[in-house]
Amino acid sequence: IQVRGRAQVGAAKPSPGDADNLNLAARLARLSRGALRVHDATSGYLAELTLPPLGQHTVLVVDDNTDTLQLLRRYAAGSRYRLITCRDSERAVEMAQEHAPQAIVLDVMMPRMDGWSLLGRLREHPGTRSIPILVCTIVAQEEMATALCAAGYLQKPVTRRAFLGALDAMVDRPATGSL
């Protein structure tokens, strides 16, 4: 979204009152992950406000426990996150490619293929390697998660605040283009 405004004709710079309002608008824009730019124009100044699009971020949750999936769905209700769930770790890479989530939440203790193996596959696959992954497990191995390039780690049981905070940290971080 871009909003443009102009000063009165002949005003080369914002008045002190306008400057205060522009400073407040700039702070609000930063809090909204947007930006406010003020440019000189022939008939005064031009203020340009850019805000990010609104909407929900898609998050793929891979966990074989139905109760955990229901709890995390409840935590995400009313938030900016839309959860897509997967109980089959062997299907997770395919679902990540299909839905292009902004983040993946991954349990470690799963049958057939454990979360550590899945984390490795997600990091190796060109279509999923740049998606931030939150390891959310009862296993106390944060160092292992970090060593395998997880973007975050939560030990179960988790609170709503911790879960949403961890997602916020991953989704809001600037893209680095590499791990």
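The values are calculated or read from the model by the stated rules, or taken from the named source; none is laboratory data. Computed from a predicted model, the values in this text were never measured in an experiment. Please note: Cβ atoms are built from the backbone with ideal geometry, for glycine as well, and neighbour counts cover all protein chains shown. The protein model used for the area step is the full one, side chains on, heavy atoms only, and it has no ligands, DNA or RNA in it. Shrake-Rupley method; radii C 1.70, N 1.55, O 1.52, S 1.80 Å.
Worth a mention:
- Search result, residues across the range 82-96 that are farther than 24 Å from residue 141 by Cα, open to solvent by less than 80 Å² (accessible area, probe 1.4 Å) and either part of a strand (DSSP E or B) or among the hydroxyl-bearing types (Ser, Thr, Tyr) (or both): 83, 84
- Unmet requirement for residue 114, which otherwise passes all of (1) farther than 20 Å from residue 65 by Cα; (2) touching a helix residue (DSSP H, G or I) at 6+ places or on another chain (Cβ under 8 Å): (1)
- Residue under evaluation residue 120, criteria (1) under 25 Å from residue 164 (Cβ atoms); (2) touching a Leu at 6+ places or on another chain (Cβ under 9 Å), criterion not met: (1)
- Set 104, 138, 131: member being among the β-branched types (Val, Ile, Thr), open to solvent by 80 Å² or more (accessible area, probe 1.4 Å) and in contact (Cβ under 8 Å) with a residue 24 or more places away in the chain: 138
- Residue match in the range 53-71 (condition: in a loop (DSSP other than H, G, I, E, B), at pLDDT below 70 and within 19 Å of the chain's Cα centre (by Cα)): yes
- Unmet criterion (only one of (1) touching a residue at least 12 places away in the same chain (Cβ under 8 Å); (2) surrounded by fewer than 17 Cβ atoms within 10 Å (Cβ to Cβ)) for residue 162: (1)
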